[in-house]
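Enquirer: Shown below is the structure under consideration.
Values quoted throughout were computed directly from the atomic coordinates according to the rules given, and no laboratory measurement underlies them. Treat the numbers as computed from the prediction; the structure is a model and nothing was measured. So basically every Cβ, Gly included, is an ideal-geometry build from the backbone, and we count neighbours across all protein chains shown.
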Amino acid sequence: MLTGSKTTFKVRQLVPDMKERMMSHSSLHARGRDVLGLCCLPGECVLQRAVLVRKKLSAKEGGGWLSGTLFCTHFRVAFVPQDSQKPDDNADPVLLGDHDVALASIDKVVAVGPSRTKLVTPTCSLKFTPEELVLYCRDMRVLCFLFDRLTPDTQAVEITYTIAKTYQPLKPGTIISFQNAALGSIEMKQFLSNRRRDPTMNWFESSLSWEQELERAGATGWRVSSVNDRFEMSTSLPRFNVVPQRVLDTELKKTFSHFNEGRIPRWCWRHPRGSDLLRMASFQNNIYHEKDDIRNLESVLFGGQQLCVIVDLGEEMPSPADIQLAHTRLRTLCLGDISSSVSVPDDKWLSTLESTRWLDYTRCCLRKAAEVACLLRGGHMTVVLQEPEDRDMNCVVCSLVQVMCDPHCRTVAGFQSLVQKEWITAGHKFLSRINCHRESDKEEAPVFLLFLYCVWQLWAQYPARFQLTEDYLLALHDSVHLPLFSSLLANSQRERCRRSQHLPQSYTPVNGLRELPMGGPEEPVDPPFPPVWDWALQYSSQRRVRFTQAVSQPACPPPVLNGNLNTNLDRGWHNDGLPGSVFLLSRSTFSHPSNLLPWRSGNSGSYWKSHRRAPSSESVSGLERLIRACSLSEPSENSTALHDPHEPLLPLLLGPCVRIWRSCYLRGVLHAQAFSHPVSSCTQHPLEQLSWEVQQLREKLAQASNRRPENQTKRQEPRQLESNLNQNANNGTFLFSYSSRTSQQQASPSRGASHSSVPPRAQRTASDLPRPAQRNNSKHTFLFGHQQEPQSGQPHIPSPSAKLPKRPGNTH
Amino acid sequence: MLSLGTGGAKSSKPSFVSYVTPEEIKLDKDLPKKEKHPDLLPGEVVFCSANPILKYTQDDLSQRGVFGTLFCTNFRVTFLSDELTLEETSKTFKNKLYGENDIPLMCVDHIYGVYDEKRKLITGSLVKNKYPSKIIIHCKDLRVFQFCLTFTKEEDTKKIFQGIAHHCLEEKSLKCIFAFSYAGTPSPEMQRKRETIMFESPEDWTQEMKRTKAKCRLVTENENFELSQRLPKYFVIPSALEDLFSYQEKGLPIWCWSHHSGCALFKASFPPMTQEEGDFQMHLDTMINAVAHNYLYSVKTEDLSESLPTILDIQQSYNKFKQFFLIDNSTEFWLSDVKWFSSLESSGWLDIIRQCLHKAVEVVECIDKDNTNVLVTEEEGTDLCCVISSLAQIMLDPYYRTLMGFQSLVQKEWVAGCHAFLDRCNHLHQKDKECHSPVFLLFLECVWQLVHQHSPAFQFSETYLTVLSDSVHVPVFSTFLFNSAHHRESVMKAESPPAQSGTLSCPTVWDWSVQFDSKAQNFFFNPLYSEKVKHEKTVRKPHKPKHQRQLSLPSSAFKTPPKKGFFKEETDSLKKMLRVKRISRWMGSPDSLVAATREFYESWQQRPLDYHGLLLPCLDGPAVHVWMQRYVRWIPEVHIQGGGSMAVMTKLMELLSQVQDLKNLLEQRDASQAAKFDHRPHRLFSFGSSGRLSSSFPFAYSRNRSFKPIIPTGLMQSLMVTDNLSSQEDEAS
């Protein structure tokens, strides 16, 4: 039984100089499979193992215990259940199995003895044999392993030590060895370099993709400028930026110096009603404005519009430090840490939650985004988000506005493109904010997590309008804590580009990167980092299936070609060319302070000579009415308006409506999830029962109609339904399909197959028994009561990738 | 003409008959023809009316409203709009007795009058010659109505204001309650067979004892209330108890439920304190001995009046709590939002719910784990005893999680068990505040928490609970009108018309067809309920989980300090001999309160969940929720269009009905295979399109008129200021 342990025990002795050991062993275990069932990554070595360990399962995983073997490698803590299936050796490597946790996401190791608990650090010594090992993770998971009486005491002690020594939470620089452990082997490098990028999403790394986005949004009057191609104008901006068409690159170059870090106003998105959303940093005030500069600056700011509203995000939004503090408090509240004796009594739980202010900040962001969304709806203006740095709250609000207004951003591909556009290429400081390297604690702030929580709020209120699911958001949330992804390991696109220079060319299929000259010394130790969107690296296909709604997909509106829903109005108004009024939206009120634009303020003087019109107070109230008109619109009066895809999805932000993300924040509290109980073997979940019934009925109907349809297909469908329904019921949500079409292009092959099999609704009157030809259709009707166009053109082929979990209910 | 209001003020002993003279009814009919009349129920009489009255829509941004006529009848205050309303036809969940603009008199909680912009609580003794410009009515089902009286003739204003104030607020006698006028007209539905066990006959009790395999004794000596007027007609006591008559009303252990192991749950009021100390102790001992005799000579007792909040605390806490949901206008609600969680918490209502559930879990632990008899005691034995014993029974016995079972339970523990509904609900608007307390509502709240956490285990839905909590305040049903069985019987006898031979019969609340048609009653059922299917295993291959759950292994990480002090052993030698344990005192901090049962809860949680077995609630901080459906259903600001749990339910019900339809189709085709599928009782689920439902679906009715502000707090406030400005501008230009 312990034949394989010879190497591992030897290896254990070498723990302190892991790097050396890694080098020597990396070629030995090529895709090796440990004797006890751990499928190692290429180059991964087992440092320690303990047999006969039980893992406490969270309610979502099914509750209760699972016994198996616990491993600690230098990349992860892995747990292999006793009777797990032998994984396919030819399958692509998955970094983390369903029961695994990466060492880098571990926050704390606590050993529980017979009478005491102890926080285990790399240096401390354990004076008792642990009965239980609790791992607190940075992503708010809590893993709990229990050593059986049959587990050798030495194994229990040793693995606790090993984990405590290996995860090394606070030491800078350890991250590199961690990354090497996961991705550094030759096989892994090879494997990663052969990965294809997801072609369905927009990566915003080439000028072409920006042009696609312009076309998708139907924005005219804008062009992609490559003036920052070598990051000369601004180090933190992406290489390609969208600016008004009539501003030439030479003119544009002069504007950079007027903004903080050279972050000029850039186009982000166009509302279907013709308003443009821009973002910029604050103005550099001590710069002399030449007359030409002013003209260019104003053209950049106004685009083709007459009216410009600057939304100031600097003051009222929480600062990164606030967010960090709130998140820390939330963690302490939700984790229920046993090593610290601080616990919140149940009757004070709600007020403690309130005092973390995490919910407040969410509300604040959503409120601001809702305001901007209402403003955009008015049409014919540019709305410019301004923040001193333009790298934190601008990202949050700008992307939230798009999630609210653009149905495309509520699909997985669209959402990934959005994050790529507004966060990754736009230069959100992921590296400092997430602080994976543990280098600068004062920069750390989970701004991106706040954004994910905001999106979750929207999702929780309008689940039917999203294609992505809570599981997807959760996966993204967890990935943030894993320092393995190029998307999240740099502060700007420039850093990212520099790092990827030494990659083989095939890894960056899109044009662009190879034109760039090599700059700076390379760090050969860095393994190639995959993008975070490569979900197959992290999650098994069973779990990826749950990233999207399968019951229905929200209708994707046809792209608006001219970008303007009410084009007939004021067509000539646009090309006027004369920049008009500027307003400031701050603290929910509009104003037009004279020093809003530094060049327009009194001392420069040149402005007022050329512009006669001053903003009047009437237009202030006009704007306010605009927001109000939107907020008071009656959805039920005009029922189509509710599902008009161009209507913004405005969140309800009142006390009772803002909820806590249970499946994320409270999953560590193992006993807090009574309502999502596992399905036991003796009682079927009612939904399973229902789907079973449906299946029976189908078979009956098939018999009755004397036609034997392909059984294979018939059996797969209820499974799919079952898993989806089940999932949705657990989340307390359900999906409605109002769409008449599904967007097949976006769907994965399995999606597409399952959807094409949903036939139109048939008449179900007792007297009107369907003829055999129709009968085939009517078999499906009771599943989805919505109108769906017959898609007879598409052949019904069960996709091989549509594998479904054996027992979907149990894994929730 | 007799002025109603002043008449009421003069009369010290108000009595219903004196207010309506035949002349008045005629007067009402002489009103101008254009006025519409409300559809009166049988036995309903209009007292007074006024026109035109402006009823504000709840949103207070602009003082919008609807003009119409306000009526006050002996059943309700009703507002009849001058405009034609369309929603009546489209509503799927319509109450047949009262509509959206009707307030049953018993349902009125408080009336406020607005005098020169100032809001004052109207009490019965308010100055009579000054009339408010606006009245605000807060209902017990948490609706809020605002009527503007300034458009009406002064005389009418006077009449209607005093009429409403008098009939809603003044203390009145029981016989004025509408049920007795209504009862004379039996409806055909009432004759239909009842499925709910009413526990009004000895057979009901014997059957219940048989069902639970109890070995206790049915007492029929109190049939004519000779033993006590505070005791039920029939009740069950431990068989060891022999001398009934030494108990004077009090201190009699009454059987509630028996566990399959043989141990049972009993409840009792305190023995009378007037006796001498020795007698008291002796009485107590006999009581405990008798209970202990039931099974294995073990018993645990729990004094609820010591360990749980008093009924006064409950009342105060609920009063605070409901204020957060009684919103006069939306502005107020926007403002309350900032401190939402801490204000909820400060009311303490959620904590009381938690304490009750926790106590019930403790009781369940004694019964299910230790297999000891449990005796819960309380001063009266009819308030918190009812809460705890019924909660414990719901957790232990899946039968009570079905709709009929639940109704039987309420009937057994509350109605037959002599809970003083009349006093506790304050149906008669008595000034004496001591005895009012929403104990029954507290029970429903606790049940809701269970339903919310384990919805597949319950046959009924949260809508059912909400409707039940509303029905308490509908003065048509006999169920919630009386203080005890004796009270019911004597009143019914006195009120019955001499012409008829039998006693008067009111419908019980369980006759749901009095309130809802069968279509609406479908909302009472939980479409997710997992019914127990017996023949299933032969048909389906059961899925075996891949791993075996280990029951033996406790989690030491979450192990809590050993229980201390809850069920303390008595040092008394006699009791020690009998292995009697007695809960002595409420001990320890709130922390240990949860810690005590955590172990029990966790060991339960490690077992595979059986919806037809023991069911325990989770009581952690984040797990106790606000009953959103009941509390926010009238607040349009928090309705999510196209979302919420109700929308899920309706969609599922549609699915089920489609399955049912298909089954029927099959059955028609192939009669021989029909029986195989027939394990689900046939219910007809169908109601329009569920497409555009909001989160408060069956209750929110005013969608058509609501001006729902979506923009959040800060902006709203500033907009409301600027709104006036801009409208002025509009007028000027």
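Enquirer: Need one value for B:659-669: mean number of C-beta atoms belonging to other chains within 10 Å of its residues' C-beta atoms.
Expert: Going residue by residue through B:659-669 and averaging, the value is 5.
Enquirer: Just list whichever of B:Lys153/B:Lys431; B:Lys120/B:Lys158; B:Lys322/B:Lys433 have alpha carbons separated by over 22 Å in the model shown.
Expert: Cα-Cα > 22 Å for B:Lys153/B:Lys431; rest within.
Enquirer: What is the distance in Å between the Cα centres of the stretch A:281-329 and the stretch B:107-177?
Expert: Using only Cα atoms to place each centre, the spacing works out to 55 Å.
Enquirer: Next up: Given the peptides A:290-296, A:345-351, arrange them by the average over their residues of other C-beta atoms within 10 Å, most packed first.
Expert: Peptide ranking by packing, descending: A:345-351, A:290-296.
Enquirer: Let me ask you something else. Quick query: amide H of A:Trp269 versus all other amide H atoms, modeled in the peptide plane; which residues come in under 5 Å with a sequence gap of 5 or more or a different chain?
Expert: Amide H neighbours of A:Trp269, under 5 Å, 5+ apart: A:Leu277.
Enquirer: Of A:Tyr453, A:Ser417, A:Leu482, which is farthest along the charge dipole of the stretch A:416-486 in the positive direction, counting Lys and Arg as +1 and Asp and Glu as -1 at C-beta?
Expert: Result: A:Ser417.
Enquirer: Past 26 Å, Cα to Cα: identify those pairs from B:Lys250/B:Lys369; A:Lys55/A:Lys127; B:Lys134/B:Lys339; A:Lys368/B:Lys134, in the order given.
Expert: Beyond 26 Å: B:Lys250/B:Lys369; B:Lys134/B:Lys339; A:Lys368/B:Lys134.
Enquirer: Taking each residue of B:610-623 in turn, how many C-beta atoms of other protein chains fall within 10 Å of its C-beta, and what is the average?
Expert: Per residue, the average neighbour count from other chains is 6.
Enquirer: Between A:Ser440 and A:Gln245, what's the calculated FRET efficiency when r is the beta-carbon distance and R0 is 30 Å? Round to 0.05.
Expert: Calculated transfer efficiency: 0.15.
Enquirer: Turning to a different aspect of this structure: For the stretch A:200-231, which trypsin sites (Lys or Arg not before Pro) pass both filters: DSSP loop (anything but H, G, I, E, B) and at most 14 other C-beta atoms within 10 Å?
Expert: Of the trypsin sites (Lys or Arg not before Pro), the ones in loops of the stretch A:200-231 whose Cβ has at most 14 other Cβ atoms within 10 Å are A:Arg230.
Enquirer: Turning to a different aspect of this structure: In the stretch A:297-338, whose amide N lies under 16 Å from the spot 7 Å out along Cα-to-Cβ of A:Cys124? List them in ranges.
Expert: Counting only backbone N, you get A:337-338.
Enquirer: Also, I was wondering about something else. Please compute, for peptide B:631-640, the average count of beta-carbon atoms on other protein chains lying within 10 Å of each residue's beta-carbon.
Expert: 3
Enquirer: Now a separate question. Note down the magnitude of the dipole of the stretch B:422-482 about its Cα centre, charges +1 on Lys and Arg C-beta and -1 on Asp and Glu C-beta and zero elsewhere, to the nearest 20 debye.
Expert: Result for the stretch B:422-482 is approximately 60 debye, rounded to the nearest 20.
Enquirer: Quick one: which residues, 5 or more positions from B:Thr479 or on another chain, have an amide H under 5 Å from its amide H? H modelled 1.01 Å from N in the peptide plane, none for Pro or chain starts.
Expert: Residues meeting the amide H criterion: B:Val509.
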